[in-house]
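Got a structure here, written out as structure tokens. Questions coming.
Read-outs throughout are calculated quantities, based only on the coordinates presented, and are distinct from any laboratory measurement. Because the structure is a prediction, the values reported are computed rather than measured. For neighbour counting, all protein chains shown are included, and Cβ atoms are generated from backbone atoms with ideal geometry for every residue, glycine included.
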Amino acid sequence: MTETFYDVLRRQGITRRSFLKFCSLTATSLGLGSAAAPQIAHALETKPRTPVLWLHGLECTCCSESFIRSAHPLTKDVVLSMLSLDYDDTLMAAAGHQAEAILDEIRTKYKGNYILAVEGNPPLNEDGMFAIQGGRPFIEKLRETAADCKAIISWGSCASWGCVQAAKPNPTRATPVHKVITDKPIIKVPGCPPIAEVMTAVVTYMLTFEKLPELDRMGRPKMFYGQRIHDKCYRRPHFDAGQFAEAWDDEGSRKGYCLYKMGCKGPTTYNACSTVRWNEGVSFPIQSGHGCIGCSEDGFWDKGSFYDRVTDIKQFGIEANADKVGATAAGVVGAAVAAHAAVTALARARSKSGIDIKQGQEER
Amino acid sequence: MLAQQDAHEAERNARLVKAVYVYEAPLRLWHWVNALAITVLAITGYFIGKPLPSIAGDTSAQYVMGWIRFLHFAAAYIFAIGFLGRIYWALVGNHHARQIFILPIFNRNWWGEVLYELRWYLFLVKEPNKYVGHNPMAQLMMFLFFTVGAVYMILTGFALYGEGLGAGSWADHMFGWVIWVLGGNSLQVHNMHRLGMWVTLCFIIVHIYAAIREDIMSRQSLISTMVSGWRMFKD
């Protein structure tokens, strides 16, 4: 297993020309400039492949579905081989004991040198009974493989935050990877699913530079999650101008006005949808006329409706948003103040009239 | 002659009023600038969350949300810098300037007076006490709803502002952690910041009512004190 990525590519009939095209495209999509293209080519020609184990916990496989649709044909055809994807129970040909044996083999042979990619998350309730693979709980498999890995990639919102299966009341206690594995570097690539090109670019970056991409406070690669959808949205001028779609299919909505009032979560969502877009850069939700639902944000299922801007706050045990709670509180305070003022005025009038009579008597 | 009449009336009915200089000029100036900033912040903030009806026409000719946000941020800077100035004044000003920052919570007597004031507001006592500065109840409310509230609004507000300036900006460096501490979901911090606006509104209602009521009912001046700086005692 000492062959390089380049060897693998050539073996699979990819021309050098196509290979170099891929390198320059990757350099561009990583925002590295043209000078980095030869560096990427050199790395791929000389470095041995890093094994990747791709585990699936509680999930819907939308991350894998997204990943295999990575825009550039070469990315789809090549990265899967480049990765030396040695284990992925959805994609691999092997099954059963044969498949599980690969896990042990990689763990011992590449101790501390393989990357663990986790799609989905482990459910912890009932000793992990809600996700059984090969006859035992997924959480055990995750702990074992994570023990000897170099780094973990948390694919998608499930592995990064918990996503739908961790939404309240979270019956299986689905738990994001970083809350279970605490002693390994973890790169979160959230999204439901993440953008295909973001996934392949993160992997390529790690293979090329042999280090993790720079992460933000939340553990996401800065290069793709450094800005909000809103910051690069092509409808932003309509936001600044105060031009909004007020209802679905109204005049503003047809004119492509900002979807803020329709509950677009672009201003609070960190992702690259408005720059990289989806399906070979064809479109993204806002471009298709629907607001962003904030799928790459922590707990987005539990933070109120997709169609409200000022969303409901569930912490109060009632379904009400900040405005309803606030206006009610202000109303109560206002009424209390009015009542207090009335009582004060009455009490004062009563005592005042008493004083006046007294004074009048004194004057007489 | 009218003047003579007035002098006559004054001679008959006037009483001596004692006055103490409480609020120094910088503090009074801060109070009114701050009040204006909060008003602008609350109104523009409301419309940032629930924008005004759309205006049709050439997009490049409109900048409604842009201006609303600009006013909000400009007022926020005035509010925050004013608050820093107020802290400075608490250090160099007279001892009344420190009242809203430090509560004498270990003073049993003070708590007793808080209760006394509460009973006064509940119509259980006939006569309020006289205070040169805030009464203890007012001081407690000021601290909880203004001082703590202002810190909360500045922290959450500038954290959200840092999102617009972008990762690596000064606001992100200084306040970005607030979003992380509050759970990492920006939408939730927006909601919490908005809730803070409503809490402030409740405070303003009580604050203005109490000031007017005490000006009439208590034994000292309230509203004019924040204009002239002098606290007058009526008896």
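On a full-extension model of 0.36 nm per residue, what is the gain between A:K47 and A:H97, subtracting their alpha-carbon distance, rounded to one decimal in nm?
Full-extension gain reported as 14.9 nm.
Which FRET efficiency, nearest 0.05, do A:A320 and B:V151 yield, Cβ-Cβ r, R0 22 Å?
0.30
So, one more: Can you work out the FRET efficiency for the pair A:A327 and A:T61, with r the C-beta to C-beta distance and R0 = 45 Å, to the nearest 0.05?
0.55
Could you tally the net charge around A:P190, taking each other residue with its Cβ under 11 Å from the Cβ of A:P190, Lys/Arg +1 and Asp/Glu -1?
Cβ neighbours under 11 Å give a net charge of 0.
Where nothing but the Cβ of Lys and Arg (+1) and of Asp and Glu (-1) is charged, how large is the charge dipole of the protein assembly as shown around its Cα centre, in debye to the nearest 20?
So the magnitude is around 1120 debye.
At a threshold of 8 angstrom on Cα-Cα distance, excluding pairs fewer than six apart, so keeping six or more, what relative contact order does segment B:116-235 reach in percent?
Here the relative contact order equals 22 percent.
In square nanometres, what is one fourth of the surface area of the convex hull spanned by the alpha carbons of segment A:5-225?
Seen from a random direction, the Cα hull of segment A:5-225 projects 11.7 nm² on average.
What does the extension gain come out to for B:A74 and B:I223, with contour length at 0.36 nm per residue minus their alpha carbon separation?
Length gained between B:A74 and B:I223: 50.9 nm.
Now for a separate question. Using only alpha-carbon positions, what ratio does the radius of gyration of the protein assembly as shown give when scaled by 2.2 N^0.38 Å?
That ratio works out to 1.30.
How big is the dipole moment of segment A:5-225 about its Cα centre under a simple scheme where the beta carbon of each Lys and Arg is +1, that of each Asp and Glu is -1, and everything else is neutral? Debye, nearest 20, please.
Dipole magnitude for segment A:5-225 comes out near 620 debye.
From a point 7 Å beyond the Cα of A:V343 in the direction of its Cβ, which residues of segment B:114-145 have a backbone N at a distance under 11 Å?
Flagged as within label range: B:119-125.
While we're here: Between B:R119 and B:Y21, with labels modelled 7 Å along Cα→Cβ, what's the label distance in nm to one decimal, could you check?
Here the modelled spin labels are 3.7 nm apart.
Could you work out, residue by residue across A:231-243, how many beta carbons of other chains sit within 10 Å of that residue's beta carbon, and then give the average as an integer?
Partner Cβ neighbours, averaged per residue: 5.
If each residue's Cβ is checked for other Cβ atoms within 10 Å, how do B:V125, A:V310, B:V92 rank with the fewest at the top?
The most exposed by this proxy come first: B:V92, B:V125, A:V310.
Something else: Give the distance, in whole Å, between the Cα centre of segment B:64-90 and the Cα centre of segment B:167-189.
Answer, in whole Å: 19.
Now for a different question. Which ordering of B:W89, B:W177, B:W32 is given by a fewest-first count of other beta-carbon atoms within 10 Å?
Lowest count first: B:W32, B:W177, B:W89.
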